[in-house]
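The values are calculated or read from the model by the stated rules, or taken from the named source; none is laboratory data. Only a predicted model underlies this, so the values are computations on that prediction, with no experimental measurement involved. Note: ideal-geometry Cβ built from the backbone for every residue, glycine included; neighbour counts use all protein chains shown.
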Amino acid sequence: MTSDAPAQQRTLVLVKPDGVRRGLAGEVLRRIEAKGYTLVTVELRQASDELLAEHYAEHAGKPFLAPLVEFMRSGPVLAVVAEGHRVIEGFRSLAGATDPTVAAPGTIRGDLGRDWGLKVIQNLVHGSDSPESAAREIGLWFPAL
Ligand code: UDP
């Protein structure tokens with residue numbers, strides 16, 4: 001490999017149960033690919049309580065954790081590892097702000113989501129927020145990678 005090859009990164013993306021239920025999993029994959037990132041692996045999974053407790057460990061003690069885990073267990077999620085230069089911040093940018101009602105139009109959450117007035121914010125997708133989170137989350141969801 002040449003020394004000026006761009007540094008590659010991987011991120012964990014989840015299409016949450018609301019996205020899978022609404023038939024938007026393909027649209028999320030389309031946007032990842034259209035942006036020029038590579039799909040490393042894609043798998044429809046029913047997440048366990050244990051996996052979700054680990055995945056959301058940083059939110060331990062927060063009031064929305066229990067409803068969030070319940071929501072994330074309410075149906076299958078599409079677990080995706082995507083790869084590319086700066087893909088972690090790139091996917092966060094594609095996803096948009098946490099609150100889909102005010103997420104910018106043009107983003108996944110801004111175009112396809114809204115606040116439904118439920119106790120947990122159903123915002124279609126998750127994306128790792130740092131290289132450390134990405135490594136931890138990919139290790140949890142895809143230990144063989
Ligand atoms: N969440 C929620 N209420 C809040 C904050 C977060 O329901 O007040 C949910 C929401 O689904 C969010 C997830 O918890 O996507 C994780 O929160 P985080 O702050 O990490 O937001 P994200 O990185 O997903 O934008």
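Can you give me the number of residues within segment 119-145 that are modelled with pLDDT of 95 or more and in a loop (DSSP other than H, G, I, E, B)?
The total comes to 11.
Please go through segment 110-122 and pick out each residue that is under 20 Å from Val13 (Cβ atoms) and either in contact with a helix residue (DSSP H, G or I) (Cβ under 6 Å, 6 or more places away or on another chain) or near the ligand (Cβ under 8 Å from one of its atoms) (or both).
Selection gives Val120, Ile121, Gln122.
Quickly run through segment 71-91 and pick out the residues that are under 21 Å from Gly23 (Cα atoms) and of a type outside the set (A, V, I, L, M).
Phe71, Arg73, Ser74, Gly75, Pro76, Phe91
Would you say Leu78 is outside any helix (DSSP H, G or I) and under 12 Å from the mean Cα position of the chain (by Cα)?
yes
Looking for something of a type in the set (Phe, Trp, Tyr) and surrounded by fewer than 20 Cβ atoms within 10 Å (Cβ to Cβ) - is there at least one such residue anywhere in segment 82-104?
Checking segment 82-104: not a single residue is of a type in the set (Phe, Trp, Tyr) and surrounded by fewer than 20 Cβ atoms within 10 Å (Cβ to Cβ).
Of all residues in segment 93-109 being among the β-branched types (Val, Ile, Thr) and part of a loop (DSSP other than H, G, I, E, B), which is nearest to the ligand (Cβ to nearest atom)?
By that ranking, first place goes to Thr98.
Quick check on segment 19-66: of everything there that is β-branched (Val, Ile, Thr) and surrounded by 14 or more Cβ atoms within 10 Å (Cβ to Cβ), which residue is nearest to Gly117 (Cα to Cα)?
Here the answer is Val20.
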